[in-house]
Amino acid sequence: MFKPAAFFLGLRYSRARHGNRFTRFINRFALAGILIGVAALIIVSSVMNGFEQQLKQRILGVVPQLTVTEVKSPQVSDWQQLAKRIPPLREQIGVVPQVSSAGVVQSSGQLRPVVIQGLFPDVADADVQWQPLRQHLLYGNLSALTEGSYQIVLGQALAQQLDVWPGDNIRIIAAAGGVYTPLGLMPAQRQFKVAAIVSMQSEADSHLLVMHGADAARLLRLPPEHVSALRFYFTDPFAALSAERDVQAALGDDVITQTWREQYGELFDAVSMEKRMVGLMLSLIIAVAAFNVVSALMMVIQDKRSDIAILQTMGLRRSHLYAMFMVQGATSGVLGSLVGLIIGVGIAANLNEILTTLQIDLSFTGQAGLPVLMETGQISFIVIAAIVLTLLATLYPAWRASQVLPAQALRYE
């Protein structure tokens, strides 16, 4: 049974300034290890969360997160009716029609593969698909993409490869929409003018091509009011994976679904694996510090055998001794975790300013600097895990302390 006396004795031992100097050094070293481990884990995890969030915005913000089309036809004749058949999906923030096809762009003798995306700026949830383009607009004007204007938006990398600027003309050849003639299959093609260039600063820039949905439908020779698919947007693009299962459960084999994972799954799997491996390596710092807690407590027990025996003769039970040394060991874990929390959050919140003060080159990150995203749940887990690991490390030393026999300890006193 835990008693206040054991609690206060454990705190007193943890604050003691006398005794074996090496024991005190090991105890302080364990506390410093927990502090550094917690702070480093918070800082690195926050930066990697920021990079992952940036990838979501710059890649998954401009590519289809989830598309739904009908099985019976390659086009959707009534997309509003199809949208009504699909139940509300978790974290859904928009559903819009789109016209899409693989294609090739030609300029000055250069050919580059692209994914043609035809977007409709006048539908109800249109803003959710145009916002990323407005946010990363580099040159030109997005408002020029009106029906019948036959103007396009290119990613910066693609525009550099084609050596084009707003106002230049390029030819687009679509994989779909070809017609058979006496000379063979003639692909759908048309000349378009570059209206704007956007810089998503990601791999999507190399094949990003956006035009008005009506112009894309004419290029692909779709019947009037027909589109290629429904395109869903979510607050978290990862929610598209569970939403796909919900759509399949609701409509079964009547629809074909596709998510961003088919194209970018390997990239985000690699990012996730990297996060886990870095977290594991930094967690080893906390684990080593916890083992130091074991060493420090075992040395304290050896130094204080006579004190432990005297406390037992004064009526302190073994369970009280157990609790006393658990409190002493847990003090290092709690104090180190809380101080590490304060330092880690403080550095993460001001990381770019600190790196700039240290004159570390951050030009590769752009004007915004290193992305930092602190998640409360993740930080809480790190702190709680460090405290729990330290508590587990105190179990064996506390048990050894409770097994000290007063007669043997005081035999030569």
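Name the trypsin sites (Lys or Arg not before Pro) in region 198-238 that are in a loop by DSSP and that have at most 13 other C-beta atoms within 10 Å, would you?
221
Pull out a ≥ b ≥ c, the square roots of the eigenvalues of the alpha-carbon gyration tensor of region 108-180, then state rounded if a/c is under 1.5, prolate if not and a/b is larger than b/c, and oblate in the remaining case.
oblate
Treating the beta-carbon of each Lys and Arg as +1 and of each Asp and Glu as -1, no other charges, what is the dipole magnitude of region 247-304 about its Cα centre, to the nearest 20 debye?
Around 500 debye, computed over region 247-304.
Which peptide among 38-44, 27-33, 267-273 comes first, and what is the full order, when sorted by highest mean count of other Cβ atoms within 10 Å?
Working: 38-44: 23.6, 27-33: 20.6, 267-273: 13.0.
My ranking of the peptides, most packed first, is 38-44, 27-33, 267-273.
Taking the Cα centre of region 24-125 as the origin and placing charges on Cβ (Lys, Arg +1; Asp, Glu -1), which of 36, 111, 121 is farthest toward the positive end of the dipole?
With unit charges placed on the Cβ atoms, the residue in question is 36.
Hey, which aspartates and glutamates would be in cross-link range of residue 72, C-alpha to C-alpha under 12 Å, not counting anything within fewer than 8 residues on its own chain?
Qualifying aspartates and glutamates at Cα under 12 Å: 253, 254.
A short reminder: the numbers here are calculations on the coordinates, not readings from a lab. As the structure is a computational prediction, the values presented were derived from the model and not from experiment. Every residue, glycine among them, receives a Cβ derived from its backbone with ideal geometry; neighbour counts consider all protein chains shown.
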